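Only one structure is covered here, and it is reproduced in the block below.
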Amino acid sequence: MKKLMLGNEAIARGAYEAGVRFVSSYPGTPSTEITEFCSAYPELQCEWAPNEKVAVETAFGASMAGARSMSCMKHVGLNVAADPLYTAAYTGVNGGLVLFVADDPFMHSSQNEQDTRMIARAAHVPVLEPADSQECKDFTRKAFELSEKYDTPFILRLTTRLAHQRSPVETADRIDAPVKPYEKNVMKYVMMPGMARKRHVFVEEREARMERDAASLGLNRVEMRGTSLGVVCAGVVYQFVREALPEASILKLGLSYPLDRQAVRDFAARVDKLVVIEELEGILEQEIAAMGIPVEGKKYTGRQGELSVQRIREAFGGEKAPQEPALPARPPVLCPGCPHRATFHVLKKLRLHVFGDIGCYTLCALPPVDSLESALCMGASIGMAVGAEKAQGRDFARHSVAVLGDSTFVHSGITGLVNAVYDRSNITVVILDNRITGMTGHQQNPATGFDIYNQPAPQLNLERLCESIGAHVVVQNPMEMDKLEAVIKEELSRDGVSVVIARYPCALLDKRRHAAARVLGCRNCGACMRLGCPAIERTDKGVVINAALCNGCGLCVGICAFGAITCGGDQQ
Amino acid sequence: MKKDIIIVGVGGQGILLTSKILGCLALKMGDDVKVSEVHGMSQRGGSVITHVRIGENVASPLVTPGEADLVIAFEWLEALRAEFYLKPDGAVIANTRRMLPMPVIMGKAEYPERQITGRPVYALDAQKIAEDCGSVRAVNIVLLGVMSTLTDWPQEAFEEAIAMSVKPATLETNLKAFRAGRQAGRS
């Protein structure tokens, strides 16, 4: 019987069926659930790695030692893992090795709209693009088989609308893919210049061979309808095209790189006009144009955002669809009880320049907490603070902080901190240690003391790590805002590098229900509104607490100068 | 049954569970189905939208604006925001309770005082009904109950789908909420 599966869930199923043994990933929307679903299969050994580079290196090691292995990440995670990827393309694999990379057109939860297909081409790694959950599962199985057949890592590319859609899937049994023997082979696995030059020859031959074989792999298909318009497409875009242009013939690419150029030539010969419809970059369009075939694409769709049935319809002269009305926006906010709210309230009060990072706290760029001034990539806050001191001087550094989460610090902040100390900087770093990887939906990390199965694991001691790097370290509970303020002030005036670990668990980790705060005798001064808590609403007669949202954290109690808010007592 | 459904609300209201129940149900009733969800950043108290497409052969996972048969809204402002997805005679099922977005809380914008007219509207205080049934968190199941009156799927199929999707400890409350929603949809 068919089962309704999330795209990410279907990939995990495909990995199970393909005989995968090892999964190492770092969470990132919209890829996170793949690894979580994998961890539900006892046959798959799963782990959260500190970052994507380590994850891919570890999966590579398992592949080299004979096990089918994989790693999952969001598009920007592949940048972090690019180093091992480019050279793994040379060495090839032993057990099949597949990277599952999720792009995020329209940036639902991302900082840029980069296109994984570009990196795949630069690294000469083949790309599969499924179009629904069934293909997510089937292509995953295929990817491992082809990875071993062609001796190359594969990328299975997803987009948000594929990763986070549910559609029916027919499942099958797990195949038997025993661990292959590990054999020492320095010509294959030691990429010194003499060996790498030979492997580079192999990479080019492999790519040519795959293109020659493409037609027999059963991943691409032609759907002939009318002959006036032929569309080349892949992934979820195929679904949009089918509905938006029902008369058009389609060349649907499951293997989108290397491009089966003969299939494109044959398809082009059968239609009057050839168009590529693809999200993000015009990659297929350029490759087809380079073959000397007249083709159009980006002139219809542009490079930005995600495509949809109506966008494609409108681009090809169809009727305009109704637009979303102008209404008050509902931007995401920090949850009631979030410890980041306390930290950022203090940072704003001190009027500091806040070099920010990637996490829930990036939301603190928005009013009313609006104190975060930059967010670039994982771990960049520390580097930015160091660089800003270089440009603006010591006094500027006394009025600025770098802020990043525990998981982000472990991911990419440690080397930045090493540099800050080595570089004789005078910066203050605040690690928002909420004991979890929050924004992606609560994944464990090395600093939490638990593994992906929620079993106790050796815990990274952040304070000892930072001390050993050479920073002055203070641990402070951010919910005690007065103390946090005093600590930050003192550390800002201190020479050298300081790390303030603001340690308090994520509000969503505390399952107890606390009694909501109560208001009595409000003077309507509005001071508590500056917390930006969604549970506090202002009326003409004073503020009211939305008891359904309030988690009883008590931050507003400390803010109110008139003692009008009280809090306390637990309830089940 | 061909039905394009948009489900909207505020992050944390149980929208994903509702679309999952509907999707499983459609598949069980022999239809093709696609459900599109939003995870991650958008769930931190922001607007959340999921698309449920039921039919013989569903291609796009997204509903096209102007073509939806039904909007199920867990919050009134979100109902207004999603109305443009509906075809001219498309229906709205909406919880009338308000959750103020941050710009309104801060006094930078006003909560729109607007009704929805010219189409079938089932507006109800689903939160009150859910509370009466024993759980404020069952708003989603109350609305599912209302929705069930607009389909020819049998009540038992809905209740089985709910039983498969909620924690056993909450099943009784949820079934109560579902039936209360059904009652409200009929009246």
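Identify the single condition in (1) within 10 Å of chain A (Cβ to nearest Cβ); (2) within 23 Å of residue A:544 (Cα to Cα) that residue B:83 does not satisfy, given that it satisfies every other one.
(2)
Can you say whether residue A:141 is modelled with pLDDT of 95 or more, open to solvent by 10 Å² or more (accessible area, probe 1.4 Å) and in contact with a Lys or Arg (Cβ under 8 Å, 6 or more places away or on another chain), as far as the supplied structure shows? Give the derivation first.
On the way: modelled with pLDDT of 95 or more: yes; open to solvent by 10 Å² or more (accessible area, probe 1.4 Å): yes; in contact with a Lys or Arg (Cβ under 8 Å, 6 or more places away or on another chain): no.
Considered against the rule, which asks whether it is modelled with pLDDT of 95 or more, open to solvent by 10 Å² or more (accessible area, probe 1.4 Å) and in contact with a Lys or Arg (Cβ under 8 Å, 6 or more places away or on another chain), residue A:141 comes out as no.
Considering only the stretch B:109-160, how many residues are of a type in the set (Gly, Ala, Ser), modelled with pLDDT of 95 or more and in a loop (DSSP other than H, G, I, E, B)?
The total comes to 1.
If I filter the stretch B:94-117 for residues that are over 25 Å from residue A:544 (Cβ atoms), within 14 Å of another protein chain (Cβ to nearest Cβ) and surrounded by 17 or more Cβ atoms within 10 Å (Cβ to Cβ), do I get at least one hit?
Within the stretch B:94-117, one or more residues are over 25 Å from residue A:544 (Cβ atoms), within 14 Å of another protein chain (Cβ to nearest Cβ) and surrounded by 17 or more Cβ atoms within 10 Å (Cβ to Cβ).
Residues that are over 13 Å from the mean Cα position of the chain (by Cα), more than 14 Å from every other protein chain (Cβ to nearest Cβ) and modelled with pLDDT under 95: find the strands (runs of 3 or more DSSP E) completely inside the stretch A:1-116 holding 2 or more of those.
Values: elements: A:3-6, A:22-25, A:45-48, A:69-74, A:97-103.
Of the strands (runs of 3 or more DSSP E) lying wholly inside the stretch A:1-116, none has at least 2 residues that are over 13 Å from the mean Cα position of the chain (by Cα), more than 14 Å from every other protein chain (Cβ to nearest Cβ) and modelled with pLDDT under 95.
If you scan the stretch A:328-344, which residues turn out to be more than 7 Å from every other protein chain (Cβ to nearest Cβ) and open to solvent by 20 Å² or more (accessible area, probe 1.4 Å)?
Scanning the stretch A:328-344 gives a single hit, A:336.
Wholly within the stretch A:179-272, which helices (runs of 4 or more DSSP H) include no fewer than the required count, namely at least 2 residues that are without any contact (Cβ under 8 Å) to a residue 60 or more places away in the chain?
Details: elements: A:186-189, A:193-213, A:237-244, A:261-270.
Helices (runs of 4 or more DSSP H) meeting the threshold: A:186-189, A:193-213, A:261-270.
Looking at this structure, is residue B:26 more than 7 Å from chain A (Cβ to nearest Cβ), within 17 Å of the chain's Cα centre (by Cα) and in contact (Cβ under 8 Å) with a residue 60 or more places away in the chain?
no
Residues of the stretch A:432-489 being more than 29 Å from the chain's Cα centre (by Cα) and farther than 23 Å from residue A:342 by Cβ, which ones?
A:467, A:468, A:470
Check residue A:136 against each of (1) open to solvent by 10 Å² or more (accessible area, probe 1.4 Å); (2) within 14 Å of chain B (Cβ to nearest Cβ); (3) closer than 21 Å to residue A:214 by Cα and name the one condition it does not meet.
(1)
Within the stretch A:525-558, take every residue that is away from every other protein chain (no Cβ under 12 Å) and surrounded by fewer than 19 Cβ atoms within 10 Å (Cβ to Cβ) and give me the one that is nearest to residue A:335 (Cα to Cα).
Filtering first and then ranking leaves A:554.
Which numbered condition in (1) within 23 Å of residue A:97 (Cα to Cα); (2) assigned to a helix (DSSP H, G or I); (3) of a type outside the set (Lys, Arg); (4) out of contact with any Leu (no Cβ under 9 Å at 6 or more places or on another chain) is the only one that residue A:146 fails?
Here residue A:146 clears every test but (4).
For residue A:381, work out the one condition from (1) crowded, with 23+ Cβ neighbours inside 10 Å; (2) touching a Ser or Thr at 6+ places or on another chain (Cβ under 9 Å); (3) within 14 Å of another protein chain (Cβ to nearest Cβ) it doesn't fulfil.
(3)
Okay, residues lined up against (1) within 21 Å of residue A:278 (Cβ to Cβ); (2) in contact with a strand residue (DSSP E or B) (Cβ under 6 Å, 6 or more places away or on another chain); (3) buried (at least 21 other Cβ atoms within 10 Å of the Cβ):
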site	(1), (2), (3)
A:169	no, yes, yes
A:193	no, no, no
A:202	no, no, no
A:208	no, no, no
A:212	no, no, no
A:221	yes, yes, no
A:224	yes, yes, no
A:238	yes, yes, yes
A:250	yes, yes, yes
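More than 26 Å from the chain's Cα centre (by Cα), outside any helix (DSSP H, G or I) and either farther than 21 Å from residue A:81 by Cβ or not aromatic (Phe, Trp, Tyr) (or both): does that describe residue A:424?
yes
With the structure loaded, tell me whether residue A:104 is closer than 24 Å to residue A:237 by Cα and not hydrophobic (A, V, I, L, M, F, W, C) or whether it fails that test. Spell out the reasoning first.
Details: closer than 24 Å to residue A:237 by Cα: yes; not hydrophobic (A, V, I, L, M, F, W, C): yes.
Here the answer is yes, as residue A:104 does meet what is asked.
Only one of (1) modelled with pLDDT under 90; (2) more than 15 Å from residue A:341 (Cβ to Cβ) fails for residue A:561. Which number is that?
Every listed condition holds for residue A:561 apart from (1).
If you check residue A:416 against the conditions, is it over 14 Å from residue A:502 (Cβ atoms) and outside any helix (DSSP H, G or I)? Before you say what the answer is, go through the steps one by one.
Numbers: over 14 Å from residue A:502 (Cβ atoms): yes; outside any helix (DSSP H, G or I): no.
When the stated conditions are applied, residue A:416 does not pass them.
From the set of residues in the stretch B:33-77 that are in a strand (DSSP E or B), at pLDDT 95 or above and at the interface with another protein chain (Cβ under 7 Å from one of its Cβ atoms), which is farthest from residue A:331 (Cα to Cα)?
Checked the stretch B:33-77; the qualifying residue farthest from residue A:331 (Cα to Cα) is B:33.
Please report, ordered by residue number, the strands (runs of 3 or more DSSP E) entirely within the stretch A:428-547 with at least 1 residues that are hydroxyl-bearing (Ser, Thr, Tyr), in contact (Cβ under 8 Å) with a residue 60 or more places away in the chain and closer than 23 Å to residue A:360 by Cβ.
A:428-433
Identify the residue in the stretch B:1-20 that is away from chain A (no Cβ under 11 Å) and in a loop (DSSP other than H, G, I, E, B) and, among all such residues, is surrounded by the fewest Cβ atoms within 10 Å (Cβ to Cβ).
Ranking the qualifying residues of the stretch B:1-20, first place goes to B:2.
Which one of the conditions (1) in contact with a helix residue (DSSP H, G or I) (Cβ under 7 Å, 6 or more places away or on another chain); (2) open to solvent by 10 Å² or more (accessible area, probe 1.4 Å); (3) under 27 Å from residue A:149 (Cα atoms) does residue A:256 fail to meet, given that it meets all the rest?
Single failed check for residue A:256: (2).
The values are calculated or read from the model by the stated rules, or taken from the named source; none is laboratory data. Quick caveat: nothing in here was measured; it's all calculated off a predicted structure. A quick note on method: Cβ atoms are made from the backbone with ideal geometry, for glycine too, and the neighbour counts reach across all protein chains shown. Ligands, DNA and RNA are excluded from the accessible area calculation, which covers all protein heavy atoms including side chains. Shrake-Rupley method; radii C 1.70, N 1.55, O 1.52, S 1.80 Å.
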